[in-house]
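Bear in mind these aren't lab numbers, they're just calculated from the coordinates by the rules spelled out. Nothing here was measured: the structure is a model prediction, and the numbers come from that model. Using ideal geometry, Cβ is built from the backbone for each residue, glycine included, and neighbour counts are taken over all protein chains shown.
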Amino acid sequence: MMIKEDSITSARDYVTFISNKNGIDVKCIPRVAIISYSRNITEHLSRKYANGHVNIGLRMDSILNLCSSNGGKNRFCILNGSVGSPIAAIHTEELIALGVRNILAVGPAGSPVKSPQDGVSLNCSSIFNVSRAYSLGGTTSHYFQRKKYFYPCKSTFNRILGVSEELEVDIKPGTTATTDAIYRETPSFIKKVINCGCNLIDMECAAIFAVAEYRAISSGAILYTTDRVTAENGWHIYIEEHLIQEREATVSKIVEKFVDEH
């Protein structure tokens with residue numbers, strides 16, 4: 001159930017304050033935003049597309065790169081995301097208050113499996129178009145009571161799928177479990193998320209989807225696996241850096257086509 005009581009604090013008031021303080025022209029903010037949880041993806045897209053930036057942070061810098069593609073016809077922005085649902089919700093609220101109406105989150109995720117023999121090989125490419133997020137944190141409860149599953153915008157999900165097909169990229173639908181505590185993934189926790197149909201674990205998606213639904217804007221997410229957690233109490237971290245770089249490069253290509261065609 002959506003919580004309809006008005007909040008005393010608001011992202012709109014903050015945006016008005018920070019815009020006046022930092023001299024930001026809100027009209028320059030594009031309606032499409034990428035929240036990147038990968039430094040490599042952020043740097044790659046910024047080098048290719050950025051033509052300016054604004055700082056929307058108060059006590060710490062929070063740089064929003066202003067970008068254009070397709071000969072300047074399409075505009076979007078990139079925010080380097082910070083880990084965790086609370087800050088993901090804050091960023092989403094502030095982007096919406098700035099005028100953003102379509103948010104795409106990209107970044108790494110874990111893969112829960114019952115045993116080391118289950119699931120995909122650590123060496124295979126695993127990139128997911130998130131179709132559902134299971135909230136195991138507290139942030140979403142400030143927007144919806146007793147709601148556990150949150151979804152991307154159908155049109156954004158389908159656009160990601162279409163772009164991936166055009167690029168001939170193997171991207172799978174994924175259900176992610178969004179947790180607040182990455183270092184409390186116990187055997188019973190892993191069994192629980194597997195039983196709920198989750199094949200990913202992240203720390204932001206449910207919060208981003210919840211805020212987007214609450215504020216009636218579009219959202220989507222692309223996640224790629226960087227580690228595997230087994231219910232038998234085993235954690236397998238990818239040590240082959242080139243595998244991570246390959247996944248980041250592939251996700252970057254999807255994002256490039258996504259923004260070129262929006």
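At a glance:
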{"quantity": "Linear extension gain, residue 10 paired with residue 61, 0.36 nm per residue minus alpha-carbon span", "calculated": "16.4 nm"}
{"quantity": "Per-residue [θ]222 nm for the chain (sum of -39500 (n - 2.57) over DSSP H runs n ≥ 4, rounded to 500)", "calculated": "-11000 deg cm²/dmol"}
{"quantity": "Most positive-pole-ward Cα, 7, 24, 255, against dipole of the chain from beta carbon charges", "calculated": "7"}
{"quantity": "Residue 198 long-range amide H proximity, modeled H, under 5 Å", "calculated": "none"}
{"quantity": "Identified option (computed Rg/Rh (Cα atoms, Kirkwood Rh); candidates (1) 0.93; (2) 1.00; (3) 0.96)", "calculated": "(3)"}
{"quantity": "Antiparallel DSSP beta bridges within the range 11-260, percent to nearest 5", "calculated": "40 percent"}
{"quantity": "Pairwise Lys count, the chain - Cα closer than 24 Å, eight or more residues apart or different chains", "calculated": "26"}
{"quantity": "Residue 186/residue 148 FRET efficiency (R0 22 Å; Cβ-Cβ; nearest 0.05)", "calculated": "0.70"}
{"quantity": "³J(HN,Hα) computed for each position of the range 73-87 - Karplus, 6.51 cos²θ - 1.76 cosθ + 1.60, integer Hz, glycine/proline x", "calculated": "6, 10, 10, 7, 9, 10, 10, 6, x, 9, 6, x, 4, x, 6"}
{"quantity": "Rounded tilt (10° steps) of 241-260 against the dominant C-alpha axis of the chain", "calculated": "40 degrees"}
{"quantity": "On Cα atoms only, tilt of 11-22 relative to the major axis of the chain in degrees", "calculated": "60 degrees"}
